[in-house]
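Visitor: This is the structure I want to talk about, given as structure tokens.
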Amino acid sequence: MIHYLFDIDGTLVRAGGAGARSLAAVMMTRYGVADACRGISAAGRTDPAIVHEIFEKALGRAPAEGESEAVIAAYLEELDRALGTSGSTLRVLPGAADTLHALAARPEVRLAVATGNVRGGARIKLHHAGLAPHFDLDRTGGYGCDSAVRAVLVARAVERAGAGPADTVVVVGDTVHDVNAARAVGAVCVGITTGSDPAEVLSAAGADVVIDELPALVPWHAARFAA
Ligand SMILES: [Mg+2]
């Protein structure tokens with residue numbers, strides 16, 4: 001079996017800053033902090049890690065017990081509202097639906113996500129992008145709510161996929177964080193340049209292959225895993 005683990009932001013969709021705006025709105029409402037996400041790099045990082053950094057920078061302290069979870073819950077409500085409006089900045093990356101469909105049609109392939117989003121955030125983004133039917137988010141995947149550390153949540157996704165020693169895991173992502181996490185769990189890593197990091201950075205980090213658009217995965221899969 002070939003288990004694909006897809007990153008979401010920069011790989012399947014671009015939220016166009018909706019995540020940062022939603023989080024900033026929550027920090028404004030709850031703590032009176034303006035521009036809470038300014039200067040904070042979210043690419044390839046987990047929601048809990050981003051919230052932790054915002055607390056340190058804006059409030060000069062770590063979140064108290066349960067505080068990060070409460071902020072993230074409010075953020076999800078805000079995000080769902082933002083992505084559900086006609087002014088939504090969410091964009092599905094070219095060929096995403098067709099690529100997932102083509103891979104899923106192959107009997108040896110299983111699809112799941114490995115994302116820094118908490119599970120609720122992954123659900124909201126994929127739902128508004130029309131990509132949710134391709135994944136069983138309840139039973140598979142690795143999420144920012146599993147761990148703030150990407151390698152740990154990717155390992156969780158591998159475990160939930162039920163991947164054994166005879167199987168191959170392929171991580172698809174747009175940042176060095178995806179590549180590092182893939183290497184940490186011994187997965188094949190496909191870097192994609194539709195998000196944050198350029199091809200040379202992904203290659204230097206150790207991506208097995210770098211593609212410029214999702215549809216390139218289909219011929220790559222056929223060539224790499226030809227029977
Ligand atoms: Mg990403």
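Visitor: Ignoring everything except DSSP H segments at least 4 long, calculate the 222 nm mean residue ellipticity for the chain; use -39,500 (n - 2.57) per segment, divide by total residues, nearest 500. Each step should come with its number before you reach the end.
Guide: Values: 9 runs with 96 residues, N = 227.
Calculated from helices alone, the mean residue ellipticity at 222 nm is -12500 deg cm²/dmol.
Visitor: Which residue fluctuates the most in the chain, going by a Gaussian network model with Cα springs under 10 Å, if the choices are V170, V109, V154?
Guide: Fluctuation is largest for V109.
Visitor: Specify the inter-centroid distance of the stretch 6-58 and the stretch 161-179, based on alpha-carbon positions, in whole Å.
Guide: Distance between centres, Cα-based: 25 Å.
Visitor: Shifting gears a bit: Specify the angular offset, from 0 to 90 degrees and rounded to the nearest 10, of the alpha carbon long axis of helix 18-31 from the longest principal axis of the alpha carbons in the chain.
Guide: Compared with the principal axis, the helix lies near 30 degrees.
Visitor: Now, a different point. Determine, at each q value in 0.23 (inverse angstroms), the log₁₀ of I(q)/I(0) that the Debye formula gives when each Cα of the stretch 1-69 is one equal point scatterer.
Guide: Taking Cα atoms of the stretch 1-69 as identical point scatterers yields -1.04.
Visitor: Still on this structure, I have one more. Report the net charge of residues surrounding V218, where surrounding means a beta-carbon distance below 15 angstrom and charges are Lys +1, Arg +1, Asp -1, Glu -1.
Guide: Charge balance near V218 sits at -2.
Visitor: Here is a follow-up. Mind checking which of D80, D138, D212 has the largest fluctuation in a GNM of the chain, springs on alpha carbons under 10 Å?
Guide: D138
Visitor: Here is a further query. Can you give me the angle between helix 67-84 and the longest principal axis of the chain, using Cα atoms only, in degrees from 0 to 90, rounded to the nearest 10?
Guide: Value to nearest ten degrees: 70.
Visitor: Could you give me the ³J(HN,Hα) list for the stretch 53-62, computed from phi with Karplus coefficients 6.51, -1.76, 1.60 and θ = phi - 60°, whole Hz, x at Gly and Pro?
Guide: 3J(HN,Hα) across the stretch 53-62, in whole Hz: 5, 4, 4, 4, 6, 8, 10, x, 7, 7.
Visitor: Express the C-alpha Rg of the chain as a ratio against the empirical globular expectation 2.2 N^0.38 Å, rounded to two decimals.
Guide: Working: Rg = 17.1 Å, N = 227, 2.2 N^0.38 = 17.3 Å.
So the chain has a normalised radius of gyration of 0.99.
Read-outs throughout are calculated quantities, based only on the coordinates presented, and are distinct from any laboratory measurement. Just so we're clear, the structure is a prediction, and the values are computed from it rather than from any experiment. Cβ atoms come from the backbone with ideal geometry, glycine included; neighbour counts cover every protein chain shown.
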